[in-house]
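Asker: Please see the structure below; I have some questions.
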Amino acid sequence: MPMGDPTDADRYPTLSEAGRALLRRMTEHPAAPMYRNRSGNRLLAADLPGLAQFEQEVLAGRIDWRPDAPPAWLPAFLADAYRDVPHFRARGAPPPLADIPTTSRADLAHDIAVFVPDHVDVDRLINFRTTGTTGHPLLIASNPVVAARYLSIHKRALRRFGVTLQAGRGDVGVVLLGHQRRCFTYVSVTPQMDEAGLAKINLHPDDWRAPDDRARYLDALAPEIVAGDPISFAALLELPVTIRPRALLSVAMMLTQGLRMQLEQRFGCPVLDLYSMNEVGPIAVADPVAGGHVLLQPHLYVEIVDAAGDAVPIGTRGEVCVTGGFNFCLPLVRYRTGDTAAIGMAGDAPVLIGLSGRRPVRFRTAGGGWINNIDVSHALQRIATAQFGLHQHADGVLTLRLSPHAMPDAEAAGAALRGVLGDLAITVTPILEDDKILQYTSDLPGSVSA
């Protein structure tokens, strides 16, 4: 990496005059936010043919394995990992996949360096820190090419819903939304799309000179795609924007059916609910026709495992565990995601059924039985809230927290919960924080299931 502060030549090695003009337009617009950071694609001209080849492989690739029949590429991948990755090389020869111990976020957080292959070009290594809503702070090893590969996976997801990207030179292709007290914000261009613009903005009013500038700026950019999480999308719904994106991409948190329907009605475009992790990238996209989240990466193998790390039968609920992926700086072998689902088949393709983020928590009903948090998610699907949190106290009483904009639906939300939990006392309060919260918590013994 260059010594000292990076220059624009470092951030955008292939930048043309047209690209430079677009960057100026995005940063110098009268309604532009106060961008807090500077970033760029860091792609070299020599990277672009390989990215084009990767895109062809992703769009044409088939996910042709079954849960009981691992993919043909898996043995070679394991052999490479056990040869090139210090953590795995220390174990000797690779055993069959089922005999390999699982790894977790805690393992990566302890020493990320031993999970980086020997052949990775240290001079181009980039990293970023992720904390999520729970678990261990984590430093992710990556590369500009890896970051650029996300686009191909997103294109595969969009194509499933009939959307083919068209933005090019002079256009703004993607706006990434956040709504946080502190948010990394920047502008860049995408060389694979003829330098279409990309902007990461924070809709929190503190990042703007005037609150009305948010709508003015988004309308001026007129992005082809808007990506964000349910919190930032709920904030977007409150703005008088006139943009007509071709699709919205929701990532990072569960998207309720109620909020998705509001977004689709307002913007007249598909709203894709992506299952994505910083360690893995986009894993799957929700498709009601398929009955769950359809997998997106041709070179990612997914198992559902129990607490001991053993694969469970098709249709049995457990923890999502992944092997493979497109990040050549961090090849994953039986990596536990912390998320739960069952795996089934939609035709000849595997699909994640009943996906639920983070550890499963069960709640005690008025009758003394237990229900899984997935039943709570289903019960609250019709509530158009950006996020919610449900906590059960030691005496069985429930506290439901909703986004402030959803508080008019507090009575309906309470009734929906009683429909699955029985006649328990429920208090509904607004979420006061600007950032994400833990969705399910309980003080009851036995509430955390494997």
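The values are calculated or read from the model by the stated rules, or taken from the named source; none is laboratory data. Because the structure is a prediction, the values reported are computed rather than measured. Because the Cβ atoms are built from the backbone with ideal geometry, glycine has one as well, and the counts that use them run over all protein chains shown. Surface accessibility is based on the protein's heavy atoms, side chains included, excluding ligands, DNA and RNA. Shrake-Rupley method; radii C 1.70, N 1.55, O 1.52, S 1.80 Å.
Asker: Any idea how many residues of region 74-127 are crowded, with 17+ Cβ neighbours inside 10 Å and free of Cβ contacts under 8 Å to residues at least 24 places away in the same chain?
Answerer: Matching residues across region 74-127 total 3.
Asker: Report, by residue number, each residue of region 254-289 that is surrounded by fewer than 20 Cβ atoms within 10 Å (Cβ to Cβ) and of a type in the set (A, V, I, L, M, F, W, C).
Answerer: MET261, CYS269, VAL289
Asker: Pull out all pairs, ordered by first then second residue, where Cβ-Cβ is under 9 Å, the residues are six or more apart or on different chains, the first lies in region 227-246 and is closer than 11 Å to SER403 by Cβ, and the second is open to solvent by 40 Å² or more (accessible area, probe 1.4 Å) and among the aliphatic types (A, V, I, L, M).
Answerer: Taking only residues 6 or more apart or on different chains, the pairs are PRO230/ALA252; PRO230/MET254; ILE231/ALA252.
Asker: What are the residues in region 411-450 that are part of a loop (DSSP other than H, G, I, E, B), closer than 24 Å to PHE233 by Cβ and modelled with pLDDT of 90 or more, if any?
Answerer: Hits for region 411-450: nothing passes.
Asker: Turning to a different aspect of this structure: Could you count how many residues in region 368-394 are modelled with pLDDT of 85 or more, in contact with a Leu (Cβ under 9 Å, 6 or more places away or on another chain), open to solvent by 30 Å² or more (accessible area, probe 1.4 Å) and of a type outside the set (A, V, I, L, M)?
Answerer: The total comes to 2.
Asker: In addition: Take region 29-50 and flag every residue that is part of a helix (DSSP H, G or I) and surrounded by fewer than 18 Cβ atoms within 10 Å (Cβ to Cβ). Working first, answer last.
Answerer: Taking region 29-50 as the starting set, the residues that turn out to be part of a helix (DSSP H, G or I) are 45-50.
Hits for region 29-50 are ALA45, ALA46, LEU48, PRO49, GLY50.
Asker: Does region 211-233 include one or more residues that are assigned to a strand (DSSP E or B) and of a type in the set (Lys, Arg)?
Answerer: Residues of region 211-233 assigned to a strand (DSSP E or B): 225-228.
In the following step, the residues that additionally are of a type in the set (Lys, Arg) were identified as none.
The answer is no, given that none of the residues of region 211-233 is assigned to a strand (DSSP E or B) and of a type in the set (Lys, Arg).
Asker: In this structure, does VAL351 turn out to be modelled with pLDDT under 90, of a type in the set (Val, Ile, Thr) and crowded, with 21+ Cβ neighbours inside 10 Å?
Answerer: no
Asker: Here are the criteria: (1) open to solvent by 40 Å² or more (accessible area, probe 1.4 Å); (2) within 24 Å of HIS293 (Cβ to Cβ). Tell me which single one ASP171 does not satisfy.
Answerer: In the conditions (1) open to solvent by 40 Å² or more (accessible area, probe 1.4 Å); (2) within 24 Å of HIS293 (Cβ to Cβ), ASP171 misses (2) alone.
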